[in-house]
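K.L.:
A single structure is presented below for examination.
What follows is calculated from the coordinates using simple rules that are stated; it is not laboratory data. Only a predicted model underlies this, so the values are computations on that prediction, with no experimental measurement involved. When we count neighbours, we look across all protein chains shown, and the Cβ atoms used for this are built from the backbone with ideal geometry, even at glycine.
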Amino acid sequence: DRREELTRAQLRPVLLLDAALAARGHDSAARLELLRAVVGESGAAFLGHELRGWTRARFQALDPAGREGVLRDLLARFFNMHAHPVADEAHDLGFDVGACLFAQLTQRLGRPELATLFCAADEVFFARPESPLRLERTETLAEGHSRCAFRLDFA
């Protein structure tokens, strides 16, 4: 399907870089460290683009249905996952990812450790001072959990 095709296109450069580093004698740990940095930075740039303009005031000005609609629109832009909003009174925003194509594809390739690289992009972006949101995520599919539980608060 188209979603998988697009996710494969995102994963392909990671696999190629990993193979090139392996061919040059880099061990697995060194390759993963470098790949984590590359994927983290490129993924953070993508997230910054997608979340530009998000502010607490703008979000809170919406009624609950409007907030859910904005969140659903945002989630629809991420073709590599299937997610749904979750009400969580302790956080400004919440959603659960029930299926992640990165986790599925890397598992099928016998390289499940690569899925965590894409999780790292979230961590890089949301930890930055300029990020409009802070992330609390205690479970990920890439780590073997049944979901990725995203809980976000405006900075």
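K.L.:
Measuring from centroid to centroid over Cα atoms, what is the spacing of segment 43-95 and segment 1-37 in Å?
P.N.:
Each part's Cα centre sits 28 Å from the other's.
K.L.:
Now for a separate question. Roughly how big is segment 34-91's charge dipole about its Cα centre, with Cβ charges of +1 (Lys, Arg) and -1 (Asp, Glu), in debye to the nearest 20?
P.N.:
180
K.L.:
Once phi is turned into ³J(HN,Hα) by the Karplus curve 6.51 cos²θ - 1.76 cosθ + 1.60 with θ = phi - 60°, what whole-Hz value does each residue of segment 102-116 show in order, with x for glycine and proline?
P.N.:
Once rounded to whole Hz, the list reads 4, 4, 5, 5, 5, 5, 5, 7, x, 10, x, 5, 6, 4, 5.
K.L.:
Now for a different question. Quick check: residue separation of residue 4 and residue 137 times 0.36 nm, minus the Cα distance between them. What number comes out in nm?
P.N.:
Values: separation 133, 0.36 × 133 = 47.88 nm, distance 2.42 nm.
Difference between extended and current length: 45.5 nm.
K.L.:
Relative to the present Cα-Cα distance, how much length would full extension add between residue 113 and residue 82 at 0.36 nm per residue of separation?
P.N.:
Working: separation 31, 0.36 × 31 = 11.16 nm, distance 2.03 nm.
Gain on stretching residue 113 to residue 82: 9.1 nm.
K.L.:
Determine the gain in length on full extension of the stretch residue 16-residue 67; use 0.36 nm per residue of separation and subtract their C-alpha separation, reporting nm with one decimal. Intermediate results must be reported in sequence, preceding the final value.
P.N.:
Working: separation 51, 0.36 × 51 = 18.36 nm, distance 3.96 nm.
Computed gain between residue 16 and residue 67 is 14.4 nm.
K.L.:
Tell me, Kirkwood radius of segment 2-154 from alpha-carbon pair distances, in Å? Can you show the working numbers first?
P.N.:
Details: mean 1/r = 0.0610 Å⁻¹.
Averaging 1/r across every pair of different Cα atoms and inverting gives 16.4 Å.
K.L.:
Shifting gears a bit: What dipole magnitude, in Debye to the nearest 20, does the chain give about its Cα centre under +1 on Lys/Arg Cβ and -1 on Asp/Glu Cβ?
P.N.:
Values: 20 positive and 23 negative charges, 91 e Å.
Dipole about the Cα centre, nearest 20: 440 debye.
K.L.:
Karplus couplings for segment 49-65 from phi (6.51 cos²θ - 1.76 cosθ + 1.60, θ = phi - 60°), rounded to Hz, Gly and Pro as x?
P.N.:
5, 5, 9, 4, x, 6, 9, 4, 4, 5, 5, 6, 6, 7, 6, x, 5
K.L.:
Name the residue farthest towards the positive end of the dipole of the chain from the options 154, 37, 65, assuming +1 on Cβ of Lys and Arg, -1 on Cβ of Asp and Glu, about the Cα centre.
P.N.:
37
K.L.:
Mind checking segment 13-73 for trypsin sites (Lys or Arg not before Pro) that DSSP puts in a loop (not H, G, I, E or B) and that have at most 16 other Cβ atoms within 10 Å?
P.N.:
On the way: sites: 24, 31, 36, 52, 56, 58, 67, 72; in loops: 24, 52.
Sparse-neighbourhood loop trypsin sites (Lys or Arg not before Pro): 24, 52.
K.L.:
Another question, then. Tell me which residues come under 5 Å, amide H to amide H, from residue 99 once H is placed; ignore anything under 5 positions away on its chain.
P.N.:
82
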